[in-house]
Structures are given as C-alpha cells and as structure tokens.
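Right, one structure below, let's go through it.
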Amino acid sequence: MSALPSLADLFSLAGRTALVTGGGSGIGRGIARALAGAGAEVVIVARRPDVLEAAMAEIIAGGGRGRTITGDVSTRDGVRAVIASASDEIDIVVSSAGINLRPPMAEITDDVWDATMAVNLDAPFLLGRHYGPRMAARGYGRLIHLSSQQAQRPFADSGAYGVSKAAVEGLARVQSEAWAAAGVTANALVPGFVPTPLNEKLWSRPGVSDALAARTHVGRNGTPEDFGAAAVFLAGPGSSYVTGQTIAVDGGFSVH
C-alpha cells in the first residue's frame, strides 16, 4: 500500500527559488514571507532599497533565505535589468508589483494608460516570456499573477487599472496554454479589498474602508497575510493540475 501524501509532498518549496515583484510591501511582501516559510529562496524586487531591506530582514529573522533586487518594472528596460540581476534558475514568478491610477474613463491620458499597462501587464508578460520556456525545459514552473475585483466588476472608476487586470487574467490563460503540458502552471489571484499603499487614495476616504469590509462575508477587509497560503498552494507540487484559473481570495467580497 502506498504511503499517504505528506504536507511536504503537497506544499514544500524546498529547493525552489521564487522571484516576487512588489515584494517589499503589501500583498507581495505577505506572499514572499509565506513562500520563504514554505522553504523557497525568495528574490524580492522593489524600487526602494530601504523597503526591500526591511522586508528581507524579516524573512532572514524568521529563518528564511533570500536576497533583494532594487529594480523598477515600469519600463521594459527596467524589467530586463531585473531579469539580468536574477538567476535564470527561477522556479516561481509572482507578479505583485502594480500601479493604481484610476481617473474617470474620459480623463485617462495616454501617459496614464501607458504607465498602467507597463507595470500591470507588460512586466508580467516579459517575465513570463523569459522564464516560462526555461521553466518548461526543467519541467517545473509556476507563474502567479495578482489581479483585481475591477477586472470583472467595474466600480470606483476602474479605468485603465481594471482593463490591465482583466488582461492579466487573460495572460495567465494563454501562458497556461503555452506551457502547462511541460509542467508550468499559470494562475491569477484576485484579492478582495486590502488597504495597502497602492490604494491609499481610496481607503483613506472617510467611511470607505468600513463600507468595503461590510461587503465581505467574513466582515473585514483583507491583509497581506491572507494571500500566503493560496500562493504557497499555487507555487507548490500539489497544484500541478490547477492552471489557467482566476482564484478569488476575497472573504466573499465577489459573491456578496
């Protein structure tokens, strides 16, 4: 009789290396901590060295392993510089870096549109284009994207942001089509409302945070730590048959 699968068989990331953009703060930081806790060496990317150092210090203090890359994924050259600084032996890419510019639709300028697409869509595409074939050649890889409620249900002037996140979900599906047969899965996580520096303009308005919390079934807004378990699952061996999916981690926000 075969042995029962162990937690390590299903979830261990020992021996894996994860690249996390936006890993210095917010949801990216929470995911980086969780991946490190599951055994991965984490390479976190952000623009501010002080933020990176603080995030990595937490990981090291908790017994994790990793390093930082000070980088800016808002340009194609910036993404290429991050790739050049990271190893090609990356097993997991988490695209958490984001920009949240949301003027009303009629007021979206070319600059706002281009900046939004550069960070939210171009960077995940470029990272996937580089690492996807290399993961496929090794027979294992995980591409994890951060989407948004605005990808599927426009509200609060979703604008270019909502369009970019809808496109990211489509990107996960076509990446899955390209590489899943070679062991590389691609999925998107959809947060509920999580107060972070990215969306401070929204939650800092009086009453907004409480109103959004009331829309969830669990009765509260999210925290960066709420996404760690989902990310570990998608990054690990037990999720090999989960690909091309958009998975809500939102406390019931989307079904209220």
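The values are calculated or read from the model by the stated rules, or taken from the named source; none is laboratory data. As the structure is a computational prediction, the values presented were derived from the model and not from experiment. Because the Cβ atoms are built from the backbone with ideal geometry, glycine has one as well, and the counts that use them run over all protein chains shown. Accessible surface is based on the protein model in full, side chains and every heavy atom, while ligands, DNA and RNA are left aside. Shrake-Rupley method; radii C 1.70, N 1.55, O 1.52, S 1.80 Å.
In this structure, GLY78 does not satisfy being over 30 Å from ASP114 (Cβ atoms) and small (Gly, Ala, Ser).
Residue count for region 1-59, restricted to those that are open to solvent by less than 20 Å² (accessible area, probe 1.4 Å), polar (S, T, N, Q) and without any contact (Cβ under 8 Å) to a residue 40 or more places away in the chain: 0.
Selection of region 219-251 for residues being free of Cβ contacts under 8 Å to residues at least 40 places away in the same chain and open to solvent by less than 40 Å² (accessible area, probe 1.4 Å) yields ASN221, GLY222. Considering ILE69, ILE83, the condition of being under 23 Å from HIS130 (Cα atoms), aliphatic (A, V, I, L, M), without any contact (Cβ under 8 Å) to a residue 60 or more places away in the chain and in contact with a Phe, Trp or Tyr (Cβ under 9 Å, 6 or more places away or on another chain) is satisfied by ILE83 alone.
Considering only region 101-114, I want to know if a residue exists there that is more than 21 Å from LEU127 (Cβ to Cβ) and among the hydroxyl-bearing types (Ser, Thr, Tyr). The answer is yes, given that some residue of region 101-114 is more than 21 Å from LEU127 (Cβ to Cβ) and among the hydroxyl-bearing types (Ser, Thr, Tyr). Inside region 60-87, residues that are assigned to a helix (DSSP H, G or I) and open to solvent by less than 60 Å² (accessible area, probe 1.4 Å) make up a count of 5. Just one residue in the set LEU13, LEU35 is assigned to a loop (DSSP other than H, G, I, E, B), closer than 12 Å to ILE92 by Cα and aliphatic (A, V, I, L, M); that residue is LEU13.
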